[in-house]
Amino acid sequence: MKYVRSLLGIFTIFVLLQSAYCANRNVTVEIDYGGLQQNRTGEIPWKQGITALEVLRSVAQLETQETGEFVLVTSIDGIRAERGDMAWYYNINSKRAPSFANKCILNEGDHVKWEYTKDVCSPEVDRGSHK
């Protein structure tokens with residue numbers, strides 16, 4: 001009986017450790033639609049070399065625009081960026097992203113958050129003057 005308890009204990013520890021290890025092998029992606037629709041969060045399995053853009057593409061419908069070797073996200077689930085007004089930005093683990101999403105390689109357990117917010121990178125577009 002003592003032998004069975006020891007085996008059961010070892011088995012339990014093994015299962016718990018494996019579960020904890022596998023839990024970190026995912027990447028979490030969160031989408032904040034800026035109040036236009038309900039935010040959502042999902043998890044996908046992490047794999048070597050996966051990018052922030054691939055993670056987003058696996059959980060949402062996207063429109064993108066290529067600019068040289070970079071890819072800009074212009075729409076997520078039908079919510080379109082408006083140059084000079086609103087844009088899609090992302091961060092990783094609550095820190096500013098280091099590069100464009102198609103170039104940003106993720107690590108196991110990363111949390112990627114996409115936010116629809118004020119466009120701070122593009123010059124404002126003058127909507128009052130049309131020539």
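Read-outs throughout are calculated quantities, based only on the coordinates presented, and are distinct from any laboratory measurement. Nothing here was measured: the structure is a model prediction, and the numbers come from that model. Backbone-built Cβ (ideal geometry, glycine too); neighbour counts: all protein chains shown.
Obtain the nm distance between the two label points defined at Lys47 and Arg83 by a simple spin-label model: each point lies 7 Å from its Cα along the Cα-to-C-beta direction.
3.5 nm
Report the extension gain between Cys121 and Arg25 in nm, rounded to one decimal, defined as 0.36 nm multiplied by the number of residues separating them, less their alpha carbon distance.
Extending this stretch completely gives an extra 31.2 nm.
Computed over the Cα atoms of the stretch 26-118, what is the convex hull's projected area averaged over all directions, in nm²?
Its average projected convex-hull area is 5.6 nm².
Once you put a point 7 Å from the Cα of Asn107 and another 7 Å from the Cα of Asn91, both along the Cβ direction, what distance in nm separates them?
Calculated label separation equals 1.7 nm.
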